[in-house]
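For reference, the structure is listed below as structure tokens.
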């Protein structure tokens, strides 16, 4: 049976999660375990903590008022129980291996990791930027960032936002070629191609209604998303770009988004780590830093 302190920790995570299943994923336990812990707390307080529906849960007014008080108490308890010896900070020494998509990692993840390294010089950051899906176990990765579907139950996963993909062109390109009105118009226009390293060929462009198009022949091909964005900015071709690369250029009126009605559904962005035994403090710190950085950039920088 769980101790009261453990049930309170589970409640705090559930209060921040979208569902008990989401909370269970973060905690590395079953949804039934989260439900049971919440029910035991509700019996303890004699109050309902969450309204449940078949699709999601909503925290009650009592639960919302209780959650910050519980967090503060748990933080104080951890501080009291922390050892006073120099070994207290031993968890903040050592290597943390991180993987992330190249452009998203460079623009959003690296600044957060640099700040962690600056504040905690005992932590060695080892980051591998790649658009290929990393094998966390074989690659000995501690924390990863991934876009798209995430169905593996062997990880602790946090959804931190989503990325929108759109077709963009420079004003000079549009002045010369006009604005495409239909997806089929792309066949007669200069376009960019981004190489999928796993397949060795360009990615298809994704559109609504699960349509995929390969607008060949390409005017510009690269394996680097930022190089592709530079080509679009230079007026070489139209390109399908993630919003975290294109948004600031749209705001500065350097790029124009086209074919918006045909845009695909956004891709979810996740931060994940393996569910394998106790998590070192340094890994948890890096995991939380990346989560907060990506959530903070949510509306301001292209993650939504």
Q: Determine the equivalent ellipsoid of the chain by diagonalising the alpha-carbon gyration tensor, then write out the semi-axes as square roots of 5 times the eigenvalues, largest first, rounded to whole Å.
A: 42, 23, 17
**Q.** residue 61/residue 296 FRET efficiency (R0 30 Å; Cβ-Cβ; nearest 0.05)
**A.** 0.65
Q: Please label the shape of the stretch 91-134 as rounded, prolate or oblate, based on the square roots a ≥ b ≥ c of the eigenvalues of the alpha-carbon gyration tensor (a/c under 1.5 means rounded; beyond that, a/b larger than b/c means prolate, else oblate).
A: oblate
Q) What FRET efficiency, computed as 1/(1 + (r/R0)^6) with R0 = 41 Å and r the Cβ-Cβ distance, is obtained for residue 224 and residue 184, rounded to the nearest 0.05? A) 0.90
Q: For the stretch 4-81, calculate the relative contact order in percent as a whole number, restricting contacts to Cα pairs under 8 Å that are 6 or more residues apart.
A: 29 percent
Q. Which whole-number percent gives the relative contact order of the stretch 165-262, counting Cα pairs below 8 Å spaced six or more residues apart?
A. 45 percent
Q.
Relative contact order for the chain: what percent, with Cα pairs under 8 Å and sequence separation of 6 or more?
A. 21 percent
Q | Three-way shape call for the stretch 165-262 based on the alpha-carbon gyration tensor, with the a/c threshold at 1.5 | A | rounded
Q: Quick one: angle between helix 281-296 and the longest Cα principal axis of the chain, in degrees between 0 and 90, rounded to 10, please.
A: 50 degrees
Q. For the stretch 44-70, list residues with backbone N below 14 Å from a point placed 7 Å from the Cα of residue 2 toward its Cβ?
A. 44-45, 49-50
Q | Cα→Cβ-extended label distance, 7 Å offset, between residue 106 and residue 126, nm | A | 2.3 nm
(Q) Run lengths n ≥ 4 of DSSP H only: what is the helix-derived mean residue ellipticity at 222 nm for the chain, with -39500 (n - 2.57) per run over all residues, to the nearest 500? (A) -11000 deg cm²/dmol
Q) For residue 268 and residue 36, what is the calculated FRET efficiency with R₀ set at 30 Å and r taken between the beta-carbons, to the nearest 0.05? A) 0.60
Q. After finding the eigenvalues of the alpha carbon gyration tensor for the stretch 1-80, what semi-axes result from the square roots of 5 times each, listed largest first in whole Å?
A. 19, 14, 12
Q.
Once each part is reduced to its C-alpha centroid, what is the distance from the stretch 29-47 to the stretch 237-272 in angstrom?
A. 42 Å
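Values quoted throughout were computed directly from the atomic coordinates according to the rules given, and no laboratory measurement underlies them. Just so it is clear, the model here is predicted, and its values are computed rather than measured. All Cβ positions, glycine included, derive from the backbone under ideal geometry; neighbour counts span all protein chains shown.
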